[in-house]
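Structure record follows, encoded as structure tokens.
The values are calculated or read from the model by the stated rules, or taken from the named source; none is laboratory data. Predicted model only: the values in this text are computed from it and were never measured. Neighbour counts are summed over all protein chains in view; Cβ atoms, including those assigned to glycine, are modelled from backbone coordinates with ideal geometry. Just so you know, the surface numbers come from the protein's heavy atoms only, side chains and all, with ligands and any DNA or RNA stripped out. Shrake-Rupley method; radii C 1.70, N 1.55, O 1.52, S 1.80 Å.
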Amino acid sequence: MPATATMPHAIRRITLSLALLLLWGNDAGAFDWSSTELQYLHGSGYRFPGNGRDVDRSIFTVSHADGYALGRNFFFLDTLITESGEASQINLYGEAYTYLSLSKLSGADLNYGILKDLDIAAGVNLGENTNSTKSGPRVILYGAAVELNLPGFSLFTVDILRHDQLEPVFAGSSWQFTPVWKFPFTAFGAKWTLEGFTDFITGKNKGYVRQVLSQPQLRLDVGDQWGHPDKLYVGIEYQYWHNKYGIKGLSESLPQALIVWKF
């Protein structure tokens, strides 16, 4: 089926599915805070099963984070456009997570030392290939998160999640450990942030081995130079994926140009 025919349906299906957790998580009331941004990434050197060539891609991402009466939410949706190295195609991939704060639920202050809070966590990962009628990845995650107070970091959390992959082929269950960080700093008279995450996913059955995906970003706040801080960033993201998709020996390592617009 042509991509033009499947694209609208794929976008609706993945966006509505990912939004369910956020709508449920925000049922307690209005946001206490929120942050939304658009990202553009471009890189060369992506690797895929059965393809010995490097693939060039542009990636457009919308992401949103917020806090509310009982916790916080996070959502992103990637539109991945293949430019060379494989058949032209557009893929969609998104993740959504909600976190219920134990301190907010219980009324107890858990902030002590480096511990900031403990959360109950749940999420979904969904993907679509608009050139195909086959489903992309379907993953359900659930577990806990630890929020930490670390010097210099405006954000440092560690997710500890059960990782259940349902489609395209049932690959069983594993564990996912994900530190997420944001470290703002000033250098050369400008404002910067070093932020990102690393997924450590243990092996599953049916030959899926352990994998590591890391995407640190170095961002320069160029908007601050024009009197509009925390709006426009440029920088670089480095992607390292060892045993991509859990396939032994399929790995990639590449820099990606980065532009970010924050709302």
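Under 17 Å from the 7 Å Cα→Cβ point of Leu155, by amide nitrogen: which residues of region 226-243? Correct set: 230-238. Within the listed set Pro229, Pro216, Pro179, the residue fluctuating most in the Gaussian network model of the chain (springs between alpha-carbon atoms under 10 angstrom) is Pro229. For Ala108 and Ser58, the difference between the fully extended length at 0.36 nm per residue and the C-alpha to C-alpha distance is 13.4 nm.
Shape summary: region 67-116 maps onto an equivalent ellipsoid whose semi-axes, from the alpha-carbon gyration tensor, are 41, 12, 6 Å in decreasing order.
The share of Cα pairs per 5 Å bin across the chain, counted from zero up to the longest distance, runs 1, 5, 10, 16, 18, 19, 15, 9, 5, 2, 0, 0 percent. For the chain, modelled as a GNM whose springs connect Cα atoms under 10 angstrom apart, the maximal fluctuation among Tyr245, Tyr112, Tyr46 occurs at Tyr112. The GNM of the chain, with springs linking C-alpha atoms under 10 angstrom apart, assigns the highest mean-square fluctuation among Leu161, Leu115, Leu41 to Leu115. Between Lys206 and Glu83, the contour length at 0.36 nm per residue exceeds the alpha carbon distance by 41.1 nm. Taking every protein chain into account, the accessible area of region 118-263 amounts to 50 square angstrom per residue (probe 1.4 Å).
With only Cα atoms counted, region 213-263 has Rg and Dmax values of 14.9, 48 Å.
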